[in-house]
Every structure is written in C-alpha cells, then in structure tokens.
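Data block below; observations after.
The values are calculated or read from the model by the stated rules, or taken from the named source; none is laboratory data. Bear in mind the structure is a predicted one, so any value in this text is a computation, not a measurement. Backbone-built Cβ (ideal geometry, glycine too); neighbour counts: all protein chains shown. Please note that ligands, DNA and RNA were not included when accessible areas were found on the heavy atoms of the full protein model with its side chains. Shrake-Rupley method; radii C 1.70, N 1.55, O 1.52, S 1.80 Å.
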Amino acid sequence: MKKLFNILIFISFIFLFVYLIKQDLIIPEIPSLSWLIISVLFVFAGFYASTISWQVALKSHGKKISHKDAIVSHGQAIFAKYIPGKIWVILGRASYIARGKEEMKNYSFVSMKEQLIYIWAGLMISAIPTFIFYKFEWISILLTAIIVLLSLVLFSAPFHRFILGIFKRLFKKELELPVISFRKSLPIILSTSLIWLFWTLGFYLFMLAFSDDLLPVMAFAFPLSVSFGVLAIILPGGLGVREGMIVGYLTLAGLDIETATTISFMNRLWFIGGEVFIFLLSLLIRLINKKD
C-alpha cells in the first residue's frame with residue numbers, strides 16, 4: 001500500500017503544477033502585511049487540527065495510530081485533492097496506514113466518513129449567519145437544502161437506502177456510502193469544527209489585510225466556499241467553485257467587486273500555503289522516522 005501512496009504523491013504534484021502554471025500569478029498590493037502574517041498562522045493551525053481530526057476518526061473506529069503517522073498520512077496526501085475525482089484524498093491517507101486490501105477498505109471508509117462530517121460541519125457553521133444576514137437570498141435557500149439533504153443521507157438510514165437505490169437505478173452502479181450515528185460521531189464533529197474555527201478566524205484576519213470595510217459575517221464565506229468546493233466532485237480541488245462562492249458571498253454582503261475578487265484569488269494562494277506547510281511538516285516527520 002505504501003507504493004500506491006508514493007505514486008499518488010507523485011501524481012498529485014503533477015496536477016498541482018498544472019494548476020499553478022495556469023494561474024495568472026500577479027500578486028496585488030497588500031495594504032497590511034501584519035494581518036496577512038497573523039492569518040497565515042491560523043491557516044497553519046487549521047491544517048494541523050485536520051491531522052488531529054483524522055486521528056480522532058480512526059480512534060473512534062478502533063484504530064489507534066500515533067499522531068506522527070496521522071500527520072504523515074494526511075499531510076503527504078494533501079495535494080491529492082488537485083487530482084480530479086476527490087476520492088484520491090480519501091484513498092491517499094488510508095493507503096499509508098493500511099496493511100492489505102481489507103484494511104485499505106476499512107480505513108477508506110473511515111476517511112470518507114470523516115470527510116463527509118467535515119463538509120457537513122462546514123455547512124452547519126455557515127448556515128445561521130448566512131440565513132440571518134441574507135435571509136431568503138438564493139445562497140440561503142441553496143445552503144439550507146443541501147444541509148437537510150446531507151443530514152438525511154448521513155444520519156437517516158431509511159433515506160440513505162432510498163437515495164442509494166435511486167443512484168443504482170439511474171447509473172446501474174452500487175455506491176457505498178456510510179450511514180453515520182450522530183451520537184457516535186460527536187468526537188469527529190468536534191474535531192472537524194476545530195478546523196473550521198481556525199480557518200474562519202484566519203480568513204477574517206486575511207481579509208483585513210486587503211480591506212477594513214468588513215463585516216464579521218463575511219468570514220463565513222470561507223467554510224461555505226470550501227464545503228461547496230469539496231462537493232464539486234469533478235473539479236480538482238474545487239477549482240473555480242470556491243472562488244465564485246467567495247466573490248458572490250462578499251459582494252452580496254456589500255464589498256466591492258474588485259476587492260472581493262482580489263480576496264478570492266489571493267485566498268487560493270493563502271490556502272495552498274497551508275497545504276505546503278502541512279506537507280513539509282509531514283515530510284520532515286517521515287524523514288526523521290526513516291533515520292530512526
């Protein structure tokens with residue numbers, strides 16, 4: 001399984017490189033570097049918390065691994081999200097710790113479950129401020145519909161079977177998706193919420209680097225955009241979806257289109273900086289472990 005893991009890392013770098021060379025990397029003027037630097041610390045903290053969440057998810061399913069292995073398996077596979085399909089992130093970190101096909105299947109299940117709760121938590125965090133601020137705008141209606149649907153799919157066994165039955169009839173293909181007990185998932189819900197806490201606060205500080213004409217509710221553009229980006233299964237890394245959601249959310253909140261577009265573009269680089277951090281940290285730990 002380690003061979004699959006290493007191949008996946010190599011392929012993910014190719015897709016990340018393709019993405020970066022397609023970007024018009026013109027860095028705009030940044031009015032406040034101090035806010036930017038502080039915000040980077042929060043995005044780093046969020047990525048570190050994501051390794052804790054992965055470890056918590058495994059522990060809740062009876063698989064105890066060291067935090068070093070959690071960091072390496074999660075961090076080394078972080079760029080797999082740029083490979084179209086999204087399953088590569090799920091398979092990547094599972095393949096590092098799995099010893100054989102049966103363990104690979106089990107750990108992929110846990111990985112998928114943690115990712116689904118991660119999306120659900122991000123949408124839930126965004127829901128209340130979005131609905132209060134935007135009331136019955138299209139973004140509130142869409143968010144509410146997705147939360148209700150995802151909650152039913154995750155936590156309601158009858159609805160879960162109904163949706164999978166429809167999928168099988170339409171696509172002539174079995175889809176394996178876990179039914180999740182809400183009570184047993186509380187540790188994972190709390191750990192994924194910690195990720196969003198760091199990133200949402202960090203995003204608000206990040207925006208302060210470009211404008212002081214902000215409302216606190218604008219910070220929730222980030223968890224909303226990332227959650228929708230993960231749901232966009234076909235697009236690598238949610239490319240285009242996240243940027244569009246951020247621009248739409250911020251302009252609806254009253255920010256001018258030029259500043260919103262700048263924040264949206266720079267946010268992608270800000271987030272990639274966090275991915276580079278957790279990848280390098282995982283690489284360092286992996287190299288140290290090899291020496292030992």
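Laid out as a table, the results:
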{"item": "Average accessible area per residue (Å²) across segment 33-148 - probe 1.4 Å, nucleic acids and ligands excluded", "result": "44 Å²"}
{"item": "Candidate residues 40, 72: accessible-area rank, largest first, probe 1.4 Å", "result": "40, 72"}
{"item": "Trypsin sites (Lys or Arg not before Pro) restricted to segment 111-220 and DSSP loop, no more than 12 other C-beta within 10 Å", "result": "135, 172, 173, 183, 184"}
{"item": "Above-threshold pairs, the threshold being 24 Å between Cα atoms, out of 113/290; 81/290; 81/184; 64/168; 63/168; 64/101", "result": "113/290; 81/290; 81/184; 64/168; 63/168"}
{"item": "Fraction of the pair-distance distribution of segment 174-231 above 14 Å, Cα-Cα pairs, percent", "result": "67 percent"}
{"item": "Calculated FRET efficiency for the pair residue 258/residue 145, C-beta based, R₀ 25 Å, to 0.05", "result": "0.20"}
{"item": "By accessible area with a 1.4 Å probe, ligands and nucleic acids excluded, highest first: order of 212, 256", "result": "212, 256"}
{"item": "Cα-based radius of gyration of segment 120-169 once divided by 2.2 N^0.38 Å, which approximates compact folds", "result": "1.34"}
{"item": "Convex hull of segment 60-113 built on C-alpha atoms - directionally averaged projected area, nm²", "result": "3.7 nm²"}
{"item": "Area accessible to solvent at residue 118, 1.4 Å probe radius, in Å²", "result": "20 Å²"}
